[in-house]
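What follows is a set of notes on a single structure, which appears directly below.
The values are calculated or read from the model by the stated rules, or taken from the named source; none is laboratory data. Keep in mind the model is a prediction, meaning the values are calculated, not measured. Virtual Cβ from ideal backbone geometry, glycine too; neighbours counted across all protein chains shown.
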Amino acid sequence: MLKIIDAKVIVTCPGRNFVTLKITTEDGITGVGDATLNGRELSVVSFLRDHMVPSLIGRDAHQIEDIWQFFYRGSYWRGGPVAMTALAAVDMALWDIKGKVAGLPVYQLLGGACRTGVTVYGHANGETIEDTIAEAVKYKAMGYKAIRLQTGVPGLPSTYGVSKDKMFYEPADGSLPTENVWSTPAYLKHTPKLFEKAREVLGWDVHLLHDVHHRLTPIEAARLGKDLEPYRLFWMEDATPAENQSSFRIIRQHTTTPLAIGEIFNSIWDCKQLIEEQLIDYIRATAVHAGGITHLKKLASFADLHHVRTGCHGATDLSPVCMGAALHFDLSIPNFGVQEYMRHTPETDAVFPHAYTFSDGMLHPGEAPGLGVDIDEALAAKYPYKRAYLPVARRLDGSMHDW
Ligand code: GCO
Ligand code: MG
């Protein structure tokens, strides 16, 4: 028995908001878990402090599976982004503690390394096709083997995914939601030109990816997938919203462009049909929003049976603690595909000292016991919470468009 005696929720904003759960055991061993839900941070803080922490205190930190089952199966109000993010934080912190007790990095507890490192993709974006490709050239020079390309759409004043600060792109850009303008015809016309030019300049020995951010209907996504086929994308991401999972049948019937989705999924139930019917190629669910390492491991095993590989979300709104957890997971599973890697700012890296390192297009979680990521609480306290929202999109006629 390794009794949990404290669980503290820490909020910090070193450039953007992060929520971290720090669990302490009676032996003084601590573990950290990411609890950041972009634009909804304080809801998770309350969920943890007001509802979960009181029944976490006194439990055995070693019983990771039982604690997971207690909070998921034992709960009348199951699932949803807030509860699953809170549960993920508990789960990650417990894996961190178990690794520290064992004196092993978490990937060893998950079955050991299946590969030498974790191939990551970086983000190249710009207002014009030329700007985007110039950014991609820089990523190639840094050693990246996979690059996501996003570009502004002519005629639209701003486009989500195209940032001012290139290396440290921040999606939550306003203290109230910014309103972007969207036009599907303009986007569908422009995007294939980006990839045509990209292949010309970057060649064929680099993986190219693209994120649609749920902006298309299934038949529009089918059209885009077809138009992108000559450029052999690694994946087309979030082509259409997926509450109705059978929508992906329509896209799948029409195109061989590989499909990825799942960064907003919270459990296996959000993608059971997508996986079972082999409607996607990559599942993007990640530790912090899908119940932690414990649940993600099950999801990946299920995906493996259906030839679906992983591509964990790794934007800047997932803290370095989540990145650490993702890397241990990525290294240890057979059906890993790729890991997203948007770099954190130096301020964020200083608040979260970590053992993971980047070299030759790959990240490695390092050999520190546990997750290998910590939080400098004194430094964190210097950056108080600042309200920030993700933008929304309206069509040219003013009506709301899908996120
Ligand atoms: C991605 C994303 C991000 C998200 C952001 C929301 O693929 O990295 O789509 O840009 O929108 O993480 O919180
Ligand atoms: Mg995305």
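Miscellaneous remarks
- Where helices (runs of 4 or more DSSP H) fall wholly inside the range 227-324, the ranges with 3 or more residues that are in contact with a strand residue (DSSP E or B) (Cβ under 9 Å, 6 or more places away or on another chain) are 247-254, 292-304.
- Residue match in the range 303-316 (condition: of a type in the set (S, T, N, Q) and away from ligand 2 (no atom under 16 Å from the Cβ)): no
- Residue selected from the range 316-336 under the condition more than 13 Å from residue 35 (Cα to Cα) and within 14 Å of ligand 1 (Cβ to nearest atom), by the criterion surrounded by the most Cβ atoms within 10 Å (Cβ to Cβ): 326
- Some residue of the range 173-181 being buried (at least 20 other Cβ atoms within 10 Å of the Cβ) and touching a residue at least 12 places away in the same chain (Cβ under 8 Å): no
- Qualifying residue in the range 157-173 (condition: farther than 23 Å from residue 16 by Cα, touching a Phe, Trp or Tyr at 6+ places or on another chain (Cβ under 9 Å) and within 16 Å of ligand 2 (Cβ to nearest atom)): no
- Extreme residue, surrounded by the fewest Cβ atoms within 10 Å (Cβ to Cβ), among residues of the range 337-375 that are within 16 Å of ligand 2 (Cβ to nearest atom) and closer than 19 Å to residue 292 by Cα: 337
- Residue under evaluation residue 94, criteria (1) touching a Leu at 6+ places or on another chain (Cβ under 9 Å); (2) within 26 Å of residue 378 (Cα to Cα); (3) crowded, with 17+ Cβ neighbours inside 10 Å, criterion not met: (1)
- Checking residue 52 against (1) hydrophobic (A, V, I, L, M, F, W, C); (2) under 14 Å from residue 7 (Cβ atoms); (3) under 21 Å from the mean Cα position of the chain (by Cα), the condition it does not meet: (3)
- Flag not set for residue 200, criterion: touching a strand residue (DSSP E or B) at 6+ places or on another chain (Cβ under 9 Å), more than 25 Å from residue 403 (Cα to Cα), among the charged types (D, E, K, R) and free of Cβ contacts under 8 Å to residues at least 40 places away in the same chain.
- Cβ-Cβ contacts under 8 Å between residues 6 or more apart (or on different chains), taken from a first residue in the range 70-87 that is crowded, with 17+ Cβ neighbours inside 10 Å to a second residue that is among the β-branched types (Val, Ile, Thr), are listed as 71/90; 81/264; 82/44; 85/36; 85/44; 85/288; 86/44.
- Given (1) closer than 25 Å to residue 353 by Cβ; (2) touching a residue at least 60 places away in the same chain (Cβ under 8 Å); (3) among the hydrophobic types (A, V, I, L, M, F, W, C), index of the condition residue 48 fails: (2)
- In summary, residue 264 fulfils each of the numbered conditions (1) within 13 Å of ligand 2 (Cβ to nearest atom); (2) among the aliphatic types (A, V, I, L, M); (3) more than 23 Å from residue 315 (Cα to Cα) with the single exception of condition (3).
- Yes/no for residue 210 being in a strand (DSSP E or B) and either crowded, with 18+ Cβ neighbours inside 10 Å or within 16 Å of ligand 1 (Cβ to nearest atom) (or both): yes
- Every listed requirement among (1) at pLDDT 95 or above; (2) out of contact with any Gly (no Cβ under 6 Å at 6 or more places or on another chain); (3) not aliphatic (A, V, I, L, M) is met by residue 403 save one, (1).
- Check on residue 254, over 25 Å from residue 37 (Cα atoms), modelled with pLDDT of 95 or more and away from ligand 1 (no atom under 16 Å from the Cβ): yes
- Qualifying residue in the range 179-187 (condition: under 20 Å from residue 392 (Cβ atoms) and under 19 Å from the mean Cα position of the chain (by Cα)): no
- Pairs are defined by a Cβ separation below 7 Å, a sequence spacing of at least 6 or placement on different chains, a first member in the range 386-403 that is part of a loop (DSSP other than H, G, I, E, B), and a second member that is of a type in the set (Phe, Trp, Tyr) and modelled with pLDDT under 95; the pairs so defined are 391/160.
- Exclusive hit being touching a Gly at 6+ places or on another chain (Cβ under 6 Å) and of a type in the set (Gly, Ala, Ser), set 398, 372: 372
- Criterion: modelled with pLDDT of 95 or more and in the same structural domain as residue 123 (by TED's automatic domain parsing) - qualifying residue of 311, 398, 372: 311
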